[in-house]
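The structure appears below as structure tokens.
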Amino acid sequence: MRVKSWGIVGTFPTGGPRVEVQETRVQTDRVLTIPNILSMARLVGVPVFLWLILWPVFGGPNCDVWALVVLMLSGISDYLDGKLARRWNQISKLGRLLDPAADRLYILSTLVGLTWREILPLWLTGLLLARELMLLVMVGILRRHGYPPPQVNFLGKAATFNLMYAFPLLLLSGSSGWLGSLAAIFGWAFAGWGTTLYWWAGILYVVQVRRLVRADSQAD
């Protein structure tokens with residue numbers, strides 16, 4: 001079946017973006033596709049990753065290397081599931097939910113773990129969580145108007161990419177010597193870019209939702 005999605009298309013006479021609903025691509029109702037299985041595997045890895053990060057807090061051994069391996073495998077599967085879904089025409093409603101859910105859960109679990117271990121400051125964690133709360137409100141507004149959440153765009157993926165590089169580097173920043181120093185420098189650089197892009201993507205999302213709701217009100 002075909003699905004409707006919304007996005008920024010064309011311009012208003014004033015130069016602003018125009019939001020409209022358009023037919024974009026074929027969607028399958030199949031559940032057990034390779035991309036969906038990869039996304040499910042990523043979700044299973046979330047509690048494993050969080051457990052590995054927090055184990056030292058509860059008196060266990062330091063398993064940061066294994067946590068980084070899980071995070072690396074998650075990044076690889078994130079790349080593959082989207083690429084394979086497009087190439088094999090296996091884009092599905094379930095996949096459109098699983099992919100961003102896995103991204104957000106990995107970010108949330110990393111924030112919890114690194115903040116608990118006092119690697120991340122509370123203000124940065126609060127800033128990223130506030131953005132997630134804002135998007136949850138926007139998704140609720142969209143659903144009330146009969147629209148599904150939008151697909152993850154390039155800007156959002158770029159923000160996630162930066163953050164997923166920042167977190168393991170910040171995890172390594174506690175190491176002694178030149179490795180820890182380099183990890184801290186590049187980790188905070190990626191964290192700064194990732195947080196900025198994360199909020200930029202979120203603000204654009206709010207603007208699009210606002211214009212879409214206004215267009216619906218004018219159409220009634």
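The values are calculated or read from the model by the stated rules, or taken from the named source; none is laboratory data. Keep in mind the model is a prediction, meaning the values are calculated, not measured. Please note: Cβ atoms are built from the backbone with ideal geometry, for glycine as well, and neighbour counts cover all protein chains shown. For accessibility, only protein heavy atoms count, side chains too; no ligands or nucleic acids. Shrake-Rupley method; radii C 1.70, N 1.55, O 1.52, S 1.80 Å.
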(message) Need one value: the accessible area of residue 141 in square angstrom, 1.4 angstrom probe, rounded to the nearest 10.
(response) 40 Å²
(message) Test of understanding: extend the Cα→C-beta vector of residue 115 to 7 Å, then name every residue of the stretch 34-64 with backbone N under 20 Å from that spot.
(response) 46-58
(request) Taking amide H positions as placed in the peptide plane 1.01 Å from N, state which residues far from residue 92 in sequence (5 or more) or on other chains have amide H under 5 Å from it. (result) 28
(request) For an R0 of 25 angstrom, estimate the FRET efficiency from the Cβ-Cβ distance between residue 186 and residue 206 and round to the nearest 0.05. (result) 0.25
(message) Suppose R0 equals 22 Å. What FRET efficiency, 1/(1 + (r/R0)^6) with r the Cβ-Cβ distance, do residue 143 and residue 32 give to the nearest 0.05?
(response) 0.25
(request) Could you work out how far the C-alpha centroid of the stretch 55-89 sits from that of the stretch 190-220, in angstrom? (result) 28 Å
(message) Sequence gap at least 6, Cα distance under 8 Å: using those rules, report the relative contact order of the stretch 43-162 to the nearest whole percent.
(response) 25 percent
(request) Please find the FRET efficiency linking residue 44 to residue 215, where r is the Cβ-Cβ separation and R0 is fixed at 45 Å, and quote it to the nearest 0.05. (result) 0.65
(message) Assuming 0.36 nm per residue, please report the length gained on full extension of the stretch residue 136 to residue 154 beyond their Cα-Cα distance.
(response) 4.6 nm
